[in-house]
Amino acid sequence: MLARVNTIAFNGLKTFDVDLQLQISSGMPMFSIVGLPDKTIAESKERVRAALNSLGVELPAKRILINLAPADLLKEGSHFDLPIAMALLAGLGVIPLEEVGNYVIVGELGLDGSILPINGVLPVAVHANRINKGLICPQAQGSEAVWSGLKDIIAAPSLPALLNHFKGIQQIPQPIAKKAKSRTSDLDMSDVKGQETAKRALEIAAAGAHNMLMVGTPGAGKSMLAARLTTILPPLTTQEALETCMIHSVAGALKNGEISFDRPFRDPHHSASTPALVGGGRKGVPGEISLAHNGVLFLDELPEFNRATLEALRQPIETGSVTISRVNCHTQYPAKFQLIAAMNPCRCGYLGQRGQECSRAPKCAEEYQSRISGPLMDRFDIHIQVPPVSPWDMSETPKGETSAQIRERVIAARQIQQERYNALGVPQLHTNSELHGDLLEEVVALDRDSKELLVSFAAKMKMSARAYNRTLKLARTIADLQNQKNVSKMHIAEALSYRYVAPVKLV
């Protein structure tokens, strides 16, 4: 064995060490790669050969064997190109083997020797930092690698530049961390005219990370409200941004190596398939719910989604993660998202609007709303109606509060929650929506009048245990927004007002 270099294999967000071993021996000239490589890796022989030819390096007319150990781990992806090329250069004595062995190497090669971007550099950098090694990666993704805390990063634009760096002819500068520009700068809650009840509900949802369903006629402002939710949410912490951007990096959705501290906002079309929403495919790529981790998943026209697709959301909503099991992979992604949904009251959209509703009302509304199952409906903490905005509101109503003003109250409420859970010894909890079990009873200790109101309403409306607990969490958030230590009857009453407001019974 002439050379060995370090690289990795992916399984979702998990990274596994791969020991890439090179042997050049006498025999019939051939170039083989073993160790369960996929088709992409098998084709890398030609890309590596062409890239080395661009350097003026010819492969010897001998038997060249590349082994990817461990041999029983499936290897996929074009990121093996660069480590194969570096192993060959080290084995041929072009670059010193000792220096190359101190790095984890990933990158795809162009035929001209350029090093092309790949998916998943951020998780690789975190892995390299954990095992105390440096990282060699494409120049385009050096910036994202810096956020891992790794100090020794070589972000090379091409194979010749990398070769010159190791020979001391040319120094490749250390990459600089970059932050993405905020995408919410053009959106503001003050743009929304009227809809005071909906804006109040949205503020409560933001303060406690509660799921919310809006029901209203077309053009009432449901999508407009949902798009502005991220403008009143607190920015991601550094740890949250790292978690979120690792998922985006694996999915190839991290642009220009820039890390965003905006909370994700994902709004898939209602024609999205189940794998597109929850993740999957042959390689088990993350879906929309994982790309919305620590942020917002907005489902517009909720009943138009495939029913099986919607039902697949039920388990991730409760657990905050999704497990993808396929023939070729079994992986888990985080999926702690805030679900915001919007729908019309019926297919025509104008139930209750005199002169506009169809002749089949209310039957068309019952059929339309029955597409949403009871268990899924039960997982929304807030149900609100969004009525049409009158022309007077559009023309005469002055602008309301800005997103910055509302965000201050949301951040203050979240700070109260975090301090409470730190004091209770559960710092892993951040918002009231995560409360469960005995801790919920401890945090929401009701007086007699409040409990009687909640119990009587729950009995009358036949609330499930889940809906009962979610009402308690919602009341706790309302109290936190008002900086109240105890949950009172007033808070319970407001929380109850956000349930079962649809014009016809929701199945």
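Just checking, does region 117-129 include any residue being farther than 19 Å from Thr15 by Cβ, open to solvent by 10 Å² or more (accessible area, probe 1.4 Å) and under 23 Å from the mean Cα position of the chain (by Cα)? No, region 117-129 has no match at all.
Looking only at region 177-189, decide whether some residue is open to solvent by less than 10 Å² (accessible area, probe 1.4 Å) and either in contact with a helix residue (DSSP H, G or I) (Cβ under 7 Å, 6 or more places away or on another chain) or not charged (D, E, K, R) (or both). I'd like the intermediate steps shown before the answer.
Taking region 177-189 and keeping what is open to solvent by less than 10 Å² (accessible area, probe 1.4 Å), we get 189.
Subsequent filtering for residues that are either in contact with a helix residue (DSSP H, G or I) (Cβ under 7 Å, 6 or more places away or on another chain) or not charged (D, E, K, R) (or both) retains 189.
The answer is yes; a qualifying residue exists.
If you go through region 461-472 and keep only what is of a type in the set (Lys, Arg) and either surrounded by fewer than 16 Cβ atoms within 10 Å (Cβ to Cβ) or part of a loop (DSSP other than H, G, I, E, B) (or both), you end up with Lys462, Arg466.
Pairs linking a residue in region 310-326 that is touching a residue at least 24 places away in the same chain (Cβ under 8 Å) to a residue that is in a helix (DSSP H, G or I) and open to solvent by 30 Å² or more (accessible area, probe 1.4 Å), with Cβ atoms under 7 Å and 6 or more positions apart or on different chains, are Ala312/Thr274; Arg314/Pro375.
Take Leu435 and decide whether it is of a type outside the set (Lys, Arg), at negative phi and open to solvent by less than 30 Å² (accessible area, probe 1.4 Å).
On the way: of a type outside the set (Lys, Arg): yes; at negative phi: yes; open to solvent by less than 30 Å² (accessible area, probe 1.4 Å): yes.
It is true that Leu435 is of a type outside the set (Lys, Arg), at negative phi and open to solvent by less than 30 Å² (accessible area, probe 1.4 Å).
Checked against (1) touching a Lys or Arg at 6+ places or on another chain (Cβ under 8 Å); (2) open to solvent by less than 30 Å² (accessible area, probe 1.4 Å), Ala475 passes all but condition (1).
Within region 94-101, is there a residue that is within 17 Å of Gly35 (Cα to Cα), open to solvent by less than 10 Å² (accessible area, probe 1.4 Å) and not hydroxyl-bearing (Ser, Thr, Tyr)? Break it down into steps so the answer makes sense when it comes.
To start, the set of residues in region 94-101 that are within 17 Å of Gly35 (Cα to Cα) comprises none.
Taking every residue of region 94-101 in turn, none turns out to be within 17 Å of Gly35 (Cα to Cα), open to solvent by less than 10 Å² (accessible area, probe 1.4 Å) and not hydroxyl-bearing (Ser, Thr, Tyr).
Can you find even one residue in region 116-127 that is under 16 Å from Asn53 (Cβ atoms), at pLDDT 95 or above and not in a strand (DSSP E or B)? Before the answer, list the steps.
Here is the first cut: in region 116-127, the residues under 16 Å from Asn53 (Cβ atoms) are none.
There is no residue in region 116-127 that is under 16 Å from Asn53 (Cβ atoms), at pLDDT 95 or above and not in a strand (DSSP E or B).
Screening Glu98 on (1) part of a helix (DSSP H, G or I); (2) over 26 Å from the mean Cα position of the chain (by Cα); (3) within 18 Å of Ala161 (Cα to Cα) shows it passes everything except condition (3). With respect to the conditions (1) part of a helix (DSSP H, G or I); (2) farther than 30 Å from Cys346 by Cα; (3) open to solvent by less than 70 Å² (accessible area, probe 1.4 Å), Asp393 falls short on a single one, namely (2).
Inside region 163-180, residues that are closer than 15 Å to Gly257 by Cβ and in contact (Cβ under 8 Å) with a residue 60 or more places away in the chain make up a count of 5. Pairing each residue of region 232-254 that is in contact (Cβ under 8 Å) with a residue 60 or more places away in the chain and over 25 Å from Gly280 (Cβ atoms) with any residue that is buried (at least 19 other Cβ atoms within 10 Å of the Cβ) and among the acidic types (Asp, Glu), provided the two are 6+ apart or on different chains, yields C-beta distances under 7 Å for Ile232/Glu203. Scanning region 226-243 for residues that are closer than 12 Å to Ala206 by Cα and either acidic (Asp, Glu) or buried (at least 20 other Cβ atoms within 10 Å of the Cβ) (or both) turns up Ala226, Arg228, Leu229, Thr230, Thr231, Ile232, Leu233.
I'd like the residue in region 440-455 that is assigned to a helix (DSSP H, G or I) and of a type outside the set (D, E, K, R) and, out of all such residues, is surrounded by the most Cβ atoms within 10 Å (Cβ to Cβ). Steps first, answer last, please.
Just the residues of region 440-455 that are assigned to a helix (DSSP H, G or I), to begin with: 440-443, 448-455.
After this cut, where a residue has to be of a type outside the set (D, E, K, R) as well, the list is 440, 443, 450, 453-455.
Details: Leu440: 16, Val443: 18, Ser450: 21, Leu453: 16, Leu454: 23, Val455: 13.
Result: Leu454.
Which one of the conditions (1) over 21 Å from Ile317 (Cβ atoms); (2) surrounded by 18 or more Cβ atoms within 10 Å (Cβ to Cβ); (3) under 26 Å from the mean Cα position of the chain (by Cα) does His491 fail to meet, given that it meets all the rest? Condition (3) is where His491 drops out. Looking at this structure, is Gln482 within 30 Å of Asp262 (Cα to Cα), touching a Pro at 6+ places or on another chain (Cβ under 9 Å) and of a type in the set (S, T, N, Q)? No: the conditions fail for Gln482. Checked against the criterion of being at pLDDT 95 or above, part of a strand (DSSP E or B), open to solvent by less than 10 Å² (accessible area, probe 1.4 Å) and of a type outside the set (A, V, I, L, M), region 72-93 has no qualifying residue. With respect to (1) open to solvent by less than 70 Å² (accessible area, probe 1.4 Å); (2) part of a loop (DSSP other than H, G, I, E, B), the lone exception for Ala458 is condition (2).
The values are calculated or read from the model by the stated rules, or taken from the named source; none is laboratory data. These numbers were taken from a predicted model, which means no experiment stands behind them. Cβ sites come from the backbone with ideal geometry, for glycine too, and all protein chains shown count toward neighbours. For the accessible areas, the whole protein counts, side chains as well, though only heavy atoms, and no ligand, DNA or RNA atoms are used. Shrake-Rupley method; radii C 1.70, N 1.55, O 1.52, S 1.80 Å.
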